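To keep things clear, I will list the structure first and then write my remarks on it.
The values are calculated or read from the model by the stated rules, or taken from the named source; none is laboratory data. What you see is a predicted model, and the numbers here were worked out from it, not measured in a lab. Note that we place each Cβ from the backbone using ideal geometry, even for glycine, and neighbour counts take in every protein chain shown.
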Amino acid sequence: MDKLIFNASMPRSGSELLQVILHQNPKIYGSATSPLCDHLLSTRSGFEGPATQSQNQDIMRKAYFSMCEAMSKYFYKGVTDRPIVVDKGRSWLGYTEFIEQWNPNPKVIMMVRDLRSIISSFEKRFRDNRHRIQGPDMPMELKNLTTDERANHWLTNTPVGTQLKFLRDVYEKNIQEKILFVRYEDFCSDPNQQLRRIYEYLEEPFFKHNFDKIKKEVEEDDRFWGMYGNHTVKEKLEKPNLYGWKEVLPQTTADGIRKEFDWYFESFEY
């Protein structure tokens with residue numbers, strides 16, 4: 001692996017679609033949901049141990065970040081021989097400073113989508129899986145029993161709530177210019193234009209992709225992700241229904257999302 005790219009997209013925003021399409025390029029490996037960030041974060045506990053703290057801290061920091069760089073490289077050595085890897089992991093967004101310490105000037109791509117569409121997607125999955133007991137509804141506690149309550153639950157819990165807070169922190173630290181934001185709606189409507197933006201950002205030559213024969217080649221077992229785990233992609237790219245959320249969310253719920261997360265809608269011009 002010569003280059004590691006970080007895909008830290010919003011949930012239900014087309015991150016899997018982006019991975020599958022980029023994977024069409026024989027130089028690029030588009031990962032499934034990756035454990036790499038978790039592996040790296042788990043090593044931080046060792047840095048706090050006495051064997052590390054008792055030694056010269058400048059040397060230990062240098063050694064630790066060298067190890068992180070090597071871990072990312074050799075993790076993917078066992079996965080692919082493609083020179084460019086786009087690693088999909090939402091946690092990357094919350095640890096940009098950590099990444100920069102072992103991967104200077106990292107390339108981070110973030111797919112975003114109308115927040116109302118994201119929440120309606122979660123709600124549709126919930127309704128399609130009422131035969132399962134993995135939803136957020138808790139009848140005995142009278143919690144999350146209405147669409148509005150479930151929307152609030154998803155907006156304030158992982159993965160949507162977590163990613164929103166990470167994203168808000170990015171803007172509060174004024175580092176948003178370091179990230180390439182791609183609107184899902186724009187990607188589906190004009191994929192070539194958005195892919196040209198992506199390749200330019202990655203400093204790689206443009207590759208002509210096929211949007212009529214999309215095939216997922218990197219396996220991922222959705223059974224491990226519960227009722228919301230749906231990483232399939234359609235064989236042909238279609239323009240999105242921009243207002244499909246109106247068929248799912250009450251207007252009061254949609255208006256509440258728009259008001260509560262005004263910064264999100266303004267930042268991405270929704």
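For N25, the requirement of being buried (at least 19 other Cβ atoms within 10 Å of the Cβ) and over 20 Å from V170 (Cβ atoms) is met.
Of the residues making up segment 248-259, those that are in contact (Cβ under 8 Å) with a residue 24 or more places away in the chain and surrounded by fewer than 16 Cβ atoms within 10 Å (Cβ to Cβ) are P250, T252, R258.
Among the residues of segment 3-56, those that are modelled with pLDDT of 95 or more and of a type in the set (D, E, K, R) comprise K3, K27, D38.
Listed by first and then second residue, the pairs with beta-carbon distance under 7 Å, at least 6 apart or on different chains, first residue in segment 51-68 and farther than 18 Å from E100 by Cα and surrounded by 13 or more Cβ atoms within 10 Å (Cβ to Cβ), second modelled with pLDDT of 95 or more and not hydroxyl-bearing (S, T, Y), are T52/M60.
The selection criterion, being at negative phi and either among the β-branched types (V, I, T) or surrounded by fewer than 18 Cβ atoms within 10 Å (Cβ to Cβ) (or both), holds for D81. For segment 60-81, taking the residues that are assigned to a helix (DSSP H, G or I) and of a type in the set (A, V, I, L, M, F, W, C), the one that is farthest from D38 (Cα to Cα) is identified as M60. For segment 1-36, the tally of residues that are out of contact with any strand residue (DSSP E or B) (no Cβ under 8 Å at 6 or more places or on another chain) and over 17 Å from F207 (Cα atoms) stands at 3. Apart from one condition, F166 fits all of (1) closer than 30 Å to D2 by Cβ; (2) touching a residue at least 40 places away in the same chain (Cβ under 8 Å); (3) surrounded by 14 or more Cβ atoms within 10 Å (Cβ to Cβ); (4) more than 17 Å from the chain's Cα centre (by Cα); the exception is (4).
Residues in segment 67-90: is at least one within 25 Å of E16 (Cα to Cα), modelled with pLDDT under 95 and touching a helix residue (DSSP H, G or I) at 6+ places or on another chain (Cβ under 7 Å)? Yes, there is a match, as at least one residue in segment 67-90 is within 25 Å of E16 (Cα to Cα), modelled with pLDDT under 95 and touching a helix residue (DSSP H, G or I) at 6+ places or on another chain (Cβ under 7 Å). Among the residues of segment 1-17, the one identified as in a helix (DSSP H, G or I) and in contact with a Leu (Cβ under 9 Å, 6 or more places away or on another chain) is L17.
Tallying residues that are surrounded by fewer than 17 Cβ atoms within 10 Å (Cβ to Cβ), touching a helix residue (DSSP H, G or I) at 6+ places or on another chain (Cβ under 9 Å) and either over 23 Å from C188 (Cα atoms) or at pLDDT below 90 (or both) within segment 223-238 yields 4. Please tell me if G135 is within 30 Å of F65 (Cα to Cα) and of a type in the set (G, A, S). So G135 fails the test. In this structure, G89 qualifies as surrounded by 15 or more Cβ atoms within 10 Å (Cβ to Cβ) and in contact with a Cys (Cβ under 7 Å, 6 or more places away or on another chain).
Residues being modelled with pLDDT of 95 or more and under 24 Å from K124 (Cα atoms) are entirely absent from segment 202-213. Can you find even one residue in segment 122-135 that is at pLDDT 95 or above, small (G, A, S) and at negative phi? No, every residue in segment 122-135 fails to be at pLDDT 95 or above, small (G, A, S) and at negative phi.
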